[in-house]
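Notes for the one structure printed next.
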Amino acid sequence: MNLKAIAIVAVLVAGGVIISFNLQPSLSQPGDGEPMVAVNLPQFSVLEKAGEELYNASCAACHGVDVAGQEGIAPSLIDAIYQPKFHADGAFYIAVQNGVRAHHYGFGSMPAIEGVKSEDVATIIAYIRAIQRENGIE
């Protein structure tokens with residue numbers, strides 16, 4: 001193997017190490033952890049209420065209470081980027097199952113969420129979509 005090939009491999013390996021350490025953003029700036037948006041809550045159906053419980057157990061630590069996001073940690077899902085025509089429900093299934101590489105914001109990549117079943121994701125999506133509709137994200 002020549003020196004150029006060794007250098008390329010070294011850069012790729014180093015890049016992989018850097019990426020692996022950037023999966024969970026750290027609280028380092030004033031205001032980190034604060035809600036990103038004010039959220040209007042709808043009257044939830046029984047399904048949506050169940051979704052709220054699942055969301056709180058699996059998602060709220062990063063995406064915040066009532067999907068408001070958290071400064072410096074993870075984005076609010078009350079954003080035009082997350083409306084169904086841009087992020088269909090399938091995007092949420094993929095995010096939970098495989099994680100998501102950072103591409104809209106500078107929060108870092110989202111890891112896969114272990115132990116969340118597909119039917120739980122459907123219920124969480126119902127909760128998220130109800131809040132989005134109440135806040136004009138359709």
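Exactly one residue out of P25, P30, P42 is over 17 Å from the mean Cα position of the chain (by Cα), assigned to a loop (DSSP other than H, G, I, E, B), modelled with pLDDT under 95 and of a type outside the set (K, R): that is P30. Restricted to region 116-137, and to residues there that are free of Cβ contacts under 8 Å to residues at least 40 places away in the same chain and of a type outside the set (S, T, Y), the residue that is surrounded by the most Cβ atoms within 10 Å (Cβ to Cβ) is V121.
When residues of region 103-115 are filtered for being among the aliphatic types (A, V, I, L, M) and surrounded by fewer than 15 Cβ atoms within 10 Å (Cβ to Cβ), how many remain?
Filtering region 103-115 for residues among the aliphatic types (A, V, I, L, M) gives 110, 112-113.
Now restrict to residues that are surrounded by fewer than 15 Cβ atoms within 10 Å (Cβ to Cβ): 112.
So the answer is 1.
If I go through region 53-74 residue by residue, how many of them are in contact (Cβ under 8 Å) with a residue 60 or more places away in the chain and under 19 Å from G136 (Cα atoms)? Of the residues in region 53-74, 2 are in contact (Cβ under 8 Å) with a residue 60 or more places away in the chain and under 19 Å from G136 (Cα atoms). In region 95-138, of all residues being part of a loop (DSSP other than H, G, I, E, B) and among the hydrophobic types (A, V, I, L, M, F, W, C), the one that is farthest from the chain's Cα centre (by Cα) corresponds to I137. Restricting the search to region 63-94, which residues are exposed (fewer than 15 other Cβ atoms within 10 Å of the Cβ) and part of a loop (DSSP other than H, G, I, E, B)? Passing the criteria: P84, K85, F86, A88.
Q97 meets each of the listed conditions (1) within 19 Å of G136 (Cβ to Cβ); (2) loosely packed, with under 14 Cβ neighbours inside 10 Å apart from (1).
The values are calculated or read from the model by the stated rules, or taken from the named source; none is laboratory data. Here the structure is a predicted model, which means the values were calculated and not measured. We place every Cβ from the backbone using ideal geometry, glycine too, and count neighbours over all the protein chains shown.
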